[in-house]
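Notes follow once the structure below has been shown.
The values are calculated or read from the model by the stated rules, or taken from the named source; none is laboratory data. Computed from a predicted model, the values in this text were never measured in an experiment. Heads up, the Cβs are rebuilt from the backbone with ideal geometry, glycines too, and the neighbour counts pull from every protein chain shown. Side chains included, ligands, DNA and RNA excluded: accessible areas come from the protein's heavy atoms. Shrake-Rupley method; radii C 1.70, N 1.55, O 1.52, S 1.80 Å.
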Amino acid sequence: MGSAVIDIPDGEGVGVTLKEKKKFQFSLQPIISYLRENNKKIQFSLPPIVSYLREKKTKHDMRRVIHSTKVGVALVLVSLLFLLDPIYVQVGDNAMWAIMTVVVIFEFYAGATLSKGLNRGMGTILGGGLGCLAAALAQEVGGKIGHAIVVGIFVFIFAAAATYARLVPRIKKRYDYGALIFILTFNLVVVSGVRAVKVLQIARERLLTIGLGFSICIFISLLIFPIWASDELHDSIASKFEDLARSIEGCMEEYFGIVNEKESQPSAKNSSSCKSVLYSKSKDESLANFAKWEPWHGKFGLYYPWGRYLQMGENLRELAATIISMEDCLQSPRQPSTTLRHLFKEPCEAVISLLASTLRELGESILKMRVCHAEKIVPKLKSKRLELSLVISPSKLATIENGEGYTIATFMFLLMEMVKKVEELAKEVEELGESAGFSIH
């Protein structure tokens, strides 16, 4: 039967069928219902989003805000030398050196600020003093030619000696910035071309404003929400133990947790944690250098054994490299069957569990500054290493065909190397506790 057509005016004289009208009417209802439901969902999902964004404000982000605020406050205080007329009359245009000092030496960590400040002070004093002496001697020679020759000789000798000193590793590590400031200050003073009396006056005024800027930086950096490089290095080393423990567990769980013939693929997260430890040498050395400049504060006193943290970091990086090598081994196309893997699963899981728990115990010992008893940990690790050596004995590997024995042997060898590295770490943590005076409980 044909459908009846009813013309409904739409304002433009166009007719619409009854079926089309019903379709149009009924198609709106689901859309309205959908919008109402999603409106409720949106309303109820807003609080979790806000809380998630709040959780993203980590401790490091807060420290960035604190550091930025401190730099702003320091610049405002030092700018008062220009803004207040009574002070500006006393210092004059030399106030610019105080502002430059704040901009140059104010660093994120308190130790870095103190290091650059003291280096700048020592470089300025030595460079200015020797520059004044050299300028005075050049004036005594008399004559333009004699003056130029003496100045040239002094510039060559001191600039070459200071540059050579900057290339010495031990000096470069701690006093590179001071040597650079020495070269700059010496050359500015000695070639200024003014009389010795005026040189002394300029050096005295500039040194005063530089000292004022340095004092403001040190006061704000050390006394107002200080950010210590020592705390950062201490927590960073302790957290690496946890990162490597999770990497070992994740890698092994994926390898032995497979129930079919698919090859296991270590997750990118495990690899990234190991690589972050592997590439942390430069950061650790910088933090240790800054920590040596910091004054006695909290749990870290003067002459704290920061060198042991660097030694421990080297062993942690070697362990991370071994874990990455194992991950590459697990990604190899030549892998043993799942059945063969499960034959070695029990001894391997026991070793992995011991490694992870030991690493966490060592990390917690460092973090809470408690003495670690290596004599209780090392024997357990040695016994597990001996068990692994029995598992991969030549007699057992000879029974495995198709080259799968070589794959198992490589895997076991890397696992034994990891056990050996953890043994060394346990001894180093114990030595750190003894030299740093960790608490017994």
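Of Ile220, Ile157, which has the most accessible area with a 1.4 Å probe, and how do the rest follow in descending order?
Sorted descending by solvent-accessible area, the residues read Ile157, Ile220.
For the residue pair Glu140 and Asp93, what label-to-label distance in nm results when each label sits 7 Å from Cα along the Cα-to-beta-carbon direction?
Computed distance between label sites Glu140 and Asp93 equals 3.2 nm.
Using protein chains only and a probe of 1.4 angstrom, how many square angstrom of Leu137 are accessible, to the nearest 10?
The accessible area comes out at roughly 90 Å².
Roughly how much of Ser79 is accessible, in Å² to the nearest 10, using a 1.4 Å probe?
Approximately 40 Å² of Ser79 is accessible to the 1.4 Å probe.
For segment 124-232, which trypsin sites (Lys or Arg not before Pro) pass both filters: DSSP loop (anything but H, G, I, E, B) and at most 15 other C-beta atoms within 10 Å?
Arg195
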